[in-house]
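Trainee: My questions all concern the structure below.
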Ligand code: SF4
């Protein structure tokens, strides 16, 4: 059986981001993986009932998704609303879907307080960012799922090829 990839819905062209927009990832691997039935698409935040559009939110005080999972940090809207519970639920929904569908990998858009895996924003809503995972990315990693950011898609292509699966770059 081919290895499946959990993928951020906004990367697949769904207009589900907080600002009501998508951020489609254009790469030949995406079309191939789609044809192979390898992609499992989810917007974790929408799965937890969040609206589109919705207020921007960031993990507070320079903390990370791991801190949120540990109960030592919150996810806050720009208006000051505490949306931590929704973001935890979003992460749990994503993990449940990954397990149900047998995803070994995840390809998630960077920077999001849910899906970010290379960097996230620092909670000041000033555009300042720092290394760290969003809440969903952190929970998936905890569960042993290999998480790649959109900037790392070539690494995921190589990883899948190295694992003996069918898609190789340029094929
Ligand atoms: Fe995209 Fe993830 Fe944010 Fe949904 S939760 S809009 S999939 S980054």
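None of the figures in this text is laboratory data; all of them are computed from the coordinates on show. All of these numbers come straight from a predicted model, not from anything done at the bench. Cβ: placed from backbone, ideal geometry, glycine included. Neighbour counts: every protein chain shown.
Trainee: So what is the orientation-averaged projected area of the range 1-48, using the convex hull of its C-alpha atoms, in nm²?
Mentor: Over every viewing direction, the Cα hull of the range 1-48 projects on average to 3.5 nm².
Trainee: Additional query: Per the helix-only calculation at 222 nm, which mean residue ellipticity applies to the chain, given -39500 (n - 2.57) for every DSSP H run of n ≥ 4 and division by its residues, nearest 500 deg cm²/dmol? Walk me through the numbers on the way to the answer.
Mentor: Working: 6 runs with 54 residues, N = 171.
My calculation for the chain gives -9000 deg cm²/dmol from helical runs alone.
Trainee: Stretch residue 142-residue 130 to full length: gain in nm at 0.36 nm per residue minus the Cα-Cα span?
Mentor: 2.3 nm
Trainee: Same structure again: Per residue and in Å³, how big is the convex hull formed by the alpha-carbon atoms of the chain?
Mentor: Dividing the Cα hull volume of the chain by its residue count gives 103 Å³.
Trainee: Find the relative contact order for the range 4-162 and round it to a whole percent, using C-alpha pairs within less than 8 Å whose residues are 6+ positions apart.
Mentor: Values: 349 pairs, mean separation 37.2, N = 159.
The value is 23 percent.
Trainee: Please report, in whole Å, how far the alpha carbons of the range 30-81 spread along each principal axis, starting with the longest.
Mentor: 42, 25, 16
Trainee: Let me ask something additional. Give me the distance between the Cα centres of the range 81-97 and the range 130-161, rounded to whole Å.
Mentor: Taking the Cα centre of the range 130-161 as reference, the centre of the range 81-97 is 18 Å away.
Trainee: Right, something else. Determine, for 149, 47, 126, the number of other Cβ atoms within 10 Å of each Cβ, and report the residues in order from fewest to most.
Mentor: 126, 47, 149
Trainee: Related question: For the chain, give the share of DSSP beta bridges that are antiparallel, in percent and rounded to the nearest 5; count only bridges with both residues there.
Mentor: 35 percent
Trainee: Using Cβ counts within 10 Å as a stand-in for footprinting exposure, how do 84, 124, 64 rank, fewest first? Please report the intermediate quantities before stating the final value.
Mentor: Working: 84 18, 124 11, 64 22.
Placing the least packed residue first, the sequence is 124, 84, 64.
Trainee: To two decimal places, what compactness ratio does the range 99-171 give when its Cα radius of gyration is scaled by 2.2 N^0.38 Å?
Mentor: The value comes to 1.23.
Trainee: Fewest to most neighbouring Cβ within 10 Å: what's the order for 99, 4? Display every interim value, and only then the final one.
Mentor: Values: 99 12, 4 19.
Arranged by neighbour count, lowest to highest, 99, 4 become 99, 4.
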